[in-house]
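The values are calculated or read from the model by the stated rules, or taken from the named source; none is laboratory data. From a predicted model like this one, the values you see are computed outputs, not experimental measurements. Neighbour counts are summed over all protein chains in view; Cβ atoms, including those assigned to glycine, are modelled from backbone coordinates with ideal geometry. For accessibility, only protein heavy atoms count, side chains too; no ligands or nucleic acids. Shrake-Rupley method; radii C 1.70, N 1.55, O 1.52, S 1.80 Å.
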Amino acid sequence: MIGETASPFASYKVAPDTRVKDLLQLAGGTTRNADTSNIRLMKADGRIIDRGVAGQPVEPGDAVLVPQRIQREVSWQENLYALTPLAILINALKK
């Protein structure tokens, strides 16, 4: 398990019927920064599976890569929405 999970860079012994989704649960799930639409399964033989990954079986030597979501441009409205509660809190603490 590599990347944006609660236990990044962890290794697990897997049962024969373990799937990627089971392994993600063992790792504590993905972080909020995870790009869950681009999870990859790197097979021990070098193949990379990037479609329908959650249901794929995991075998010894495989690695699951959970990439970080790339931040997009944020509009000024989104910044204002995010900062308003902080400004209210700071103002309340000044009094």
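Structure values in brief
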{"quantity": "Where Gln68 falls short, out of the listed (1) in contact with a helix residue (DSSP H, G or I) (Cβ under 9 Å, 6 or more places away or on another chain); (2) touching a residue at least 40 places away in the same chain (Cβ under 8 Å)", "calculated": "(1)"}
{"quantity": "Residue match in segment 75-95 (condition: of a type in the set (S, T, N, Q), exposed (fewer than 15 other Cβ atoms within 10 Å of the Cβ) and within 18 Å of the chain's Cα centre (by Cα))", "calculated": "no"}
{"quantity": "Residue check, Glu59 out of contact with any Pro (no Cβ under 7 Å at 6 or more places or on another chain), modelled with pLDDT under 75 and either on the phi < 0 side of the Ramachandran plot or in a loop (DSSP other than H, G, I, E, B) (or both)", "calculated": "no"}
{"quantity": "Search result, residues across segment 7-26 that are open to solvent by 80 Å² or more (accessible area, probe 1.4 Å) and among the charged types (D, E, K, R)", "calculated": "Lys13, Asp17, Arg19, Lys21"}
{"quantity": "Gly29 of a type outside the set (D, E, K, R) and either at pLDDT below 90 or surrounded by 11 or more Cβ atoms within 10 Å (Cβ to Cβ) (or both)", "calculated": "yes"}
{"quantity": "First in segment 28-46 and among the charged types (D, E, K, R), second anywhere and open to solvent by less than 60 Å² (accessible area, probe 1.4 Å), Cβ under 6 Å, 6 or more apart", "calculated": "Asp35/Pro67; Arg40/Leu65; Lys43/Asp62"}
{"quantity": "Selection count, segment 39-56, where residues are of a type in the set (Lys, Arg) and open to solvent by 100 Å² or more (accessible area, probe 1.4 Å)", "calculated": "2"}
{"quantity": "Flag if Glu59 is open to solvent by 60 Å² or more (accessible area, probe 1.4 Å) and under 21 Å from the mean Cα position of the chain (by Cα)", "calculated": "yes"}
{"quantity": "Flag for Lys13 being at pLDDT below 95 and either on the phi < 0 side of the Ramachandran plot or hydrophobic (A, V, I, L, M, F, W, C) (or both)", "calculated": "yes"}
